[in-house]
Amino acid sequence: MHAVIFDIDGTLLQSALVDDDLYRYSVESVVGPVHFRPSLADYDFVTDSGILSQVLEDNSLTVDPDPTPAIKACFIKALRDYIREQGPFCEVPGARSLVASLCASRNHSVAIATGGWRESAHLKLDSARFDIENIPIVTSDDEYDRSEIMLTALSKLGSDFESITYYGDGPWDEDACLALNWRFVAVGAALGGLVSYSDIGVT
């Protein structure tokens, strides 16, 4: 058996830029104007929970009461509004077909490990018509560290895999795979990776 685990934004969906913009908008809508670090790679934990923790720390903002629930709610509303006004998120070409083929394969187990929050992950994937009913999805609601998110996703698939492959679009994905000794497949132009899954088979 082979384990295949996917990120979402920029990996399965062409949603990374919109997701980032709406995340920043939601944080500032709740806590006011804040300083964000120049790049996502400048954060220690590139997940919605990890980034928020460091944004609050960087800006010396109180966490009592915790603003996270209000920021999540604002973010989900912003995503719903975007989908209603702009239409569903687009898949990376061929992503939905590849995931479906892997799920149908007797030799593969599929999971999703994303740095986003659970409700937003489901909302975006549902909008793009991914069939995720039987796919374990682990998010930053479960862990704030990406490597731990990935390991938790793997644990939901079982053990004793001949190979473990992770598809991701960020340098933080590649770093996590290096630390975990997993095979990494880069997706997107930023890493010089895949721009389409159309020619990839389940082998």
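The values are calculated or read from the model by the stated rules, or taken from the named source; none is laboratory data. Please read all numbers here as calculations on a predicted model, not as lab measurements. All Cβ positions, even for glycine, are placed from backbone atoms using ideal geometry, and neighbour counts span all protein chains on display.
Quick notes on this structure:
- Among the residues of region 118-138, those identified as surrounded by 15 or more Cβ atoms within 10 Å (Cβ to Cβ), touching a residue at least 40 places away in the same chain (Cβ under 8 Å) and not aromatic (Phe, Trp, Tyr) are Glu119, Ser120, Ala121, Leu123, Lys124, Leu125, Ser127, Ala128.
- Unmet requirement for Phe6, which otherwise passes all of (1) assigned by TED's automatic domain parsing to the domain that holds Leu157; (2) in contact with a helix residue (DSSP H, G or I) (Cβ under 6 Å, 6 or more places away or on another chain); (3) not charged (D, E, K, R): (2)
- Count of residues meeting criterion [free of Cβ contacts under 8 Å to residues at least 24 places away in the same chain and more than 23 Å from Asp145 (Cβ to Cβ)] in region 61-85: 8
Residue-wise test of (1) within 30 Å of Cys103 (Cβ to Cβ); (2) surrounded by fewer than 19 Cβ atoms within 10 Å (Cβ to Cβ).
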site	(1), (2)
Met1	yes, yes
Phe6	yes, no
Val18	yes, yes
Pro33	no, yes
Thr47	yes, no
Ile51	no, no
Asp81	no, yes
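- Residues of region 28-67 that are among the β-branched types (Val, Ile, Thr) and within 18 Å of the chain's Cα centre (by Cα): Val46, Thr47, Ile51.
- Members of region 1-60 found to be part of a loop (DSSP other than H, G, I, E, B), of a type in the set (A, V, I, L, M, F, W, C) and in contact (Cβ under 8 Å) with a residue 40 or more places away in the chain, listed by number: Met1, Ile8, Leu12, Phe45, Val46
- Scanning region 141-195 for residues that are modelled with pLDDT of 95 or more and polar (S, T, N, Q), we see that the one that is surrounded by the fewest Cβ atoms within 10 Å (Cβ to Cβ) is Asn181.
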